[in-house]
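Have a look at the structure below before the remarks.
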Amino acid sequence: MSLLSIRDLTVHHGLLRAVDGVSLELERGEVLAVIGANGAGKSTLLRALAGLNTPTSGTVHLAGRDITRSPAHQRVSAGIALVPEGRRLFRSLTVEENLLTGTYRKRTGPWSLRRVYELFPWMTERRRQNAAQLSGGEQQAVAIGRALLTNPDLLLVDELSLGLAPVIVRRIYETLPEIVAAGTTALVVEQDVSQALRVADRVHCLLEGRSVLAGRPAELTAEQVEHAYFGIG
Ligand code: ATP
């Protein structure tokens, strides 16, 4: 059984169909990248999975359970964690205090504060600094650590690399295999297509809310991806 199964999902913002009949399956242990241009509907899709946008139609199943209408807090308990666009850390709290906000729902699993510090060793020394003192990329890593501390089965990361320094983006992506090996499946929204093709087991390209291309990076040609991304042809 797939960990995540999305069938014909449509999400409106007013009259606009931001997500238009998207179907996709995500198996345990996979990294799926959702790519697409600005406004393609990537964030809306992720927010619908996290329970922050309400679908107009379609279904979402997590490990066989219908969660289409579950509120956001129940999805955290069910095993979904979202790293939102812009990270949304508490800027006046320390790194460690921000991480600990991920522990309030006591799902059991591999992730502990110690394990997150092992994943991002530089965080240990900076754990007493305010989040506001970190670079954008470092904040992204803290937001991922916070999400991991909910011990999710499914980690959703919105715009992982957008606006961040390449060095820290690379370091974050280097942790993905370890995150997946610990039993956490990842769905990453990535605007940097070459990055997405490098790290993902499979990619889905959205165009104006529709899923227009899906496959394993090795099976897709650069031309196919470019056409899907820009809506050519
Ligand atoms: P971006 O990379 O710019 O975040 P995206 O692929 O994540 O793009 P969405 O943010 O999901 O796309 O937006 C999809 C469409 O829905 C866009 O046309 C956007 O303007 C619109 N939209 C997004 N959020 C809202 C909202 N809260 N109210 C109205 N329209 C919205």
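In a residue-by-residue description of region 46-68, the property of being within 22 Å of V203 (Cα to Cα), within 16 Å of the ligand (Cβ to nearest atom) and among the hydroxyl-bearing types (S, T, Y) applies to no position.
Scanning region 19-45 for residues that are within 16 Å of the ligand (Cβ to nearest atom), surrounded by fewer than 19 Cβ atoms within 10 Å (Cβ to Cβ) and either at pLDDT below 95 or outside any strand (DSSP E or B) (or both) turns up A37, N38, G39. Answer with yes or no whether L154 is open to solvent by less than 20 Å² (accessible area, probe 1.4 Å), within 15 Å of S43 (Cβ to Cβ) and either within 13 Å of the chain's Cα centre (by Cα) or within 16 Å of the ligand (Cβ to nearest atom) (or both). Here the answer is no, as L154 does not meet what is asked. Being in contact (Cβ under 8 Å) with a residue 40 or more places away in the chain, among the β-branched types (V, I, T) and in a strand (DSSP E or B) is the filter here; which residues of region 160-217 pass it? T185, V188, V189, V203, listed by residue number. Considering region 170-199, the residues that are aliphatic (A, V, I, L, M) and either open to solvent by less than 10 Å² (accessible area, probe 1.4 Å) or within 16 Å of the ligand (Cβ to nearest atom) (or both) include one that is farthest from G39 (Cα to Cα), namely I179. Looking at region 2-13, is at least one residue modelled with pLDDT of 95 or more, surrounded by fewer than 16 Cβ atoms within 10 Å (Cβ to Cβ) and within 16 Å of the ligand (Cβ to nearest atom)? Yes, some residue in region 2-13 is modelled with pLDDT of 95 or more, surrounded by fewer than 16 Cβ atoms within 10 Å (Cβ to Cβ) and within 16 Å of the ligand (Cβ to nearest atom). Any residue at all in region 3-18 that is within 27 Å of V193 (Cα to Cα) and not in a strand (DSSP E or B)? Yes: region 3-18 contains one or more residues that are within 27 Å of V193 (Cα to Cα) and not in a strand (DSSP E or B).
The values are calculated or read from the model by the stated rules, or taken from the named source; none is laboratory data. Values in this document were obtained by computation on a predicted structure and should not be read as measured data. Ideal geometry is used to build each Cβ from the backbone, glycine not excepted, and the neighbour counts take in all protein chains shown. Heads up: the accessible areas ignore ligands, DNA and RNA and are worked out on the full protein's heavy atoms, side chains in. Shrake-Rupley method; radii C 1.70, N 1.55, O 1.52, S 1.80 Å.
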